[in-house]
Structure formats: structure tokens, C-alpha cells
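S.K.: Quick one: the structure is below, questions incoming.
The values are calculated or read from the model by the stated rules, or taken from the named source; none is laboratory data. All of these numbers come straight from a predicted model, not from anything done at the bench. When we count neighbours, we look across all protein chains shown, and the Cβ atoms used for this are built from the backbone with ideal geometry, even at glycine.
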């Protein structure tokens, strides 16, 4: 598929401080890509480099296969939606939406047609003459989105546009964004630190940390096959359990001295890797716990140290030596202090090289 945005070894520094480090990233034409990561990781800087609001310190940025390092922001066919919406407070809804078109001297009849179209799409008909202060937060967000859509630009850039909305409105807005993209098929780059937004909106997720791209893949692969420990821990709530282990002769030895055998598939995968020491990861929802009297070779005994009731699921905490594990189960089985067992599901395990923190990969069987 044709690339719409391409970063080639792009660096961004402020003074002597590196913010983006040797970024290589291809965004396909018409896809929805999410820039995800913790605050301060560089994701908004990447977005601003695409828009031209930030200059590039090194490397090259291509937009539609044209070198864009020196192209002015106004000539990049970019539409942006910001976190604070940036609406003109003295202008009506329709004037806010039409402002960019009027500045670019688009014929009045076409302006009216485009504005009417986005008003209908975003359920803003009837609000045309209102001022921003007369709108709810969700309505202001839709006006900001309408102002971006009406430009019909090649690139739609969104910088945490839903963060000011409550949880219910965010859920509705996510659906609207996806539906709108399916109508217009612009190249869509969306910055967020919210995992739910990333998983539900994106075709692919670019996970960034410390100015470096950690993983670029589909939401399912980012969740199921994390490239490194950071990805494993960042995606998912509660976070992935990370356990420092010792591997020897086909067995995993835990911090409290207990051990369990690995499957032949994992033994082959570990032994063909170059890792000298391993770290094991497993998501809380993949830690299956049961009664202590059930016999299973691949199991670990423990005592429940803490219980959290989430309403629709239960979180059981237990310690293996000094390392804590959380299991998320659909129903209440145990109480504080009860004995229980963790039954190992080989297909749900992840192993990482302790030195590089990178995944050693999954066996083909899993």
C-alpha cells in the first residue's frame, strides 16, 4: 500500500536535549494510526513535525512521497484538532467551521455546501448560530472536528481531542471518529495516552517511549505479542505481571523457589534465543487460579494476599517471594488468606531477554 507519511531517521532536539531519536515510521495512505505513549514520550512532537509546527533536527519527512522538511505548514494539506479545541469565542458555530475556507477564498456556495455537510454528519444542525460558550464540551469537540473535516485535507491530525470529555462522551466520540474516517478515508494520525482509545480507534498503534518507537503493529498484535517489556507493561490494565525467573533444563524457577515445566515449544524457542537470562510476563486476565487440591504439573501454589472487587470481575493478588502477581477472574472464588493455585497456560506466557528487554518471540504453535 502507498505510504502517505514517511519518517526516515528523523531526530528532534531542543538545544542539546534529544526528544525524538532516529525515528523510522511509515503511515499508509488512508489508515488510522495511533501515536500512543506516556506523557512526555514525544508523541505530540511527532504530530507537530508532520504538521510543520515543529522543525526537524535531522533526517527526512516525506508527505505523499514529497520531501516535506521545508514545506510551510499552510502548504501541507493538513487539518488539526487540538486538545483545547481552539474555537474562536466570538464566532458562531458555522463561522468557526467556515473560517479556514473563507481565509482560502473558497467560493461562498461551496463553503455553504461543505459546512452544511459536516453539520449533518456531526449532528450539529440547529446549533449554527450559537457561540462556543453556549455549547457543551461534547458539542465544542464536534465543532472543532467539523472545522478540520470541512477542509478536506489529505491529513487529519488529532492531538488528544477527547481528553476533556467525560467517559460516556468519549465512548460516543470514538465511534463518531471511526465512522467519519470510513466516510472520508483521510490519513488519520491520532495522539493519545489512553489505551482504550488506541485499541478501539487505530488500524495500527505506534507505541513511543523516551523518543523512540517501541512497536508498530495492529492493536491485537501489540496486545498479544508485545515486542518488549515496556510494551507488555504499558498496554493493559492492570499491567502485565513481570517476573524475574531462572530457566534451567526445561523448567522455570520462580523467586520463591517453586518451579514448573515448560512445553516443548517454549523450550525450543528459549534455547534458540541468545538470551542468557530471562524475564517472564503474563497478563492478569491470563493468570488462571483455582482450588489448591487440584493436581496439575504446571501449577504454582500461593496464598491470596489481597482482593479487589471490580464489580464485573475480581482481582486476586499473591506474592512469589518478593514479586507480586495479580490474577483477574470473572467471579469471586477466594478470600483474603485463602490457599490457591495458579495453573500455567503456556500459550499466554511471554519471555523477554533480561539484558535487552526484548521479546524472544513466540513459538509457532502459539
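Quick grid of which residues meet (1) in contact with a strand residue (DSSP E or B) (Cβ under 6 Å, 6 or more places away or on another chain); (2) crowded, with 20+ Cβ neighbours inside 10 Å; (3) in contact (Cβ under 8 Å) with a residue 40 or more places away in the chain; (4) farther than 20 Å from residue 158 by Cα:
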residue	(1), (2), (3), (4)
5	yes, yes, yes, no
18	no, no, yes, yes
23	yes, yes, yes, no
52	no, yes, no, no
72	no, no, no, no
88	no, no, yes, no
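S.K.: How about segment 7-54: which of its residues are assigned to a strand (DSSP E or B) and either outside the structural domain of residue 160 (by TED's automatic domain parsing) or more than 22 Å from residue 71 (Cα to Cα) (or both)? Full working, then the answer.
M.R.: Initially, segment 7-54 is screened for residues assigned to a strand (DSSP E or B), giving 7-14, 17-28, 32-36.
17, 18, 32, 33, 34, 35, 36, listed by residue number.
S.K.: Now a separate question. Give the residue, chosen from 133, 76, 140, 152, that is within 23 Å of residue 30 (Cα to Cα) and out of contact with any strand residue (DSSP E or B) (no Cβ under 7 Å at 6 or more places or on another chain).
M.R.: Details: 133 fails: within 23 Å of residue 30 (Cα to Cα); 76 fails: out of contact with any strand residue (DSSP E or B) (no Cβ under 7 Å at 6 or more places or on another chain); 140 fails: within 23 Å of residue 30 (Cα to Cα).
Sole residue among the options that is within 23 Å of residue 30 (Cα to Cα) and out of contact with any strand residue (DSSP E or B) (no Cβ under 7 Å at 6 or more places or on another chain): 152.
S.K.: Still on this structure, please answer the following. Could you list, in sequence order, the residues of segment 258-281 that are exposed (fewer than 15 other Cβ atoms within 10 Å of the Cβ) and modelled with pLDDT under 95?
M.R.: 271, 272, 274, 276
S.K.: Of the numbered conditions (1) over 30 Å from residue 154 (Cβ atoms); (2) in a strand (DSSP E or B); (3) in contact with a helix residue (DSSP H, G or I) (Cβ under 9 Å, 6 or more places away or on another chain), residue 239 satisfies every one except a single condition; which is it?
M.R.: All conditions are met except number (2).
S.K.: Turning to a different aspect of this structure: Pull up segment 291-322, narrow it to residues that are under 29 Å from the mean Cα position of the chain (by Cα) and surrounded by 15 or more Cβ atoms within 10 Å (Cβ to Cβ), then point me to the one that is farthest from residue 263 (Cα to Cα).
M.R.: Taking segment 291-322 and keeping what is under 29 Å from the mean Cα position of the chain (by Cα), we get 307-318.
Applying the additional criterion that residues be surrounded by 15 or more Cβ atoms within 10 Å (Cβ to Cβ) yields 307, 314-318.
Details: 307: 31, 314: 29, 315: 27, 316: 26, 317: 26, 318: 24 Å.
This residue is 307.
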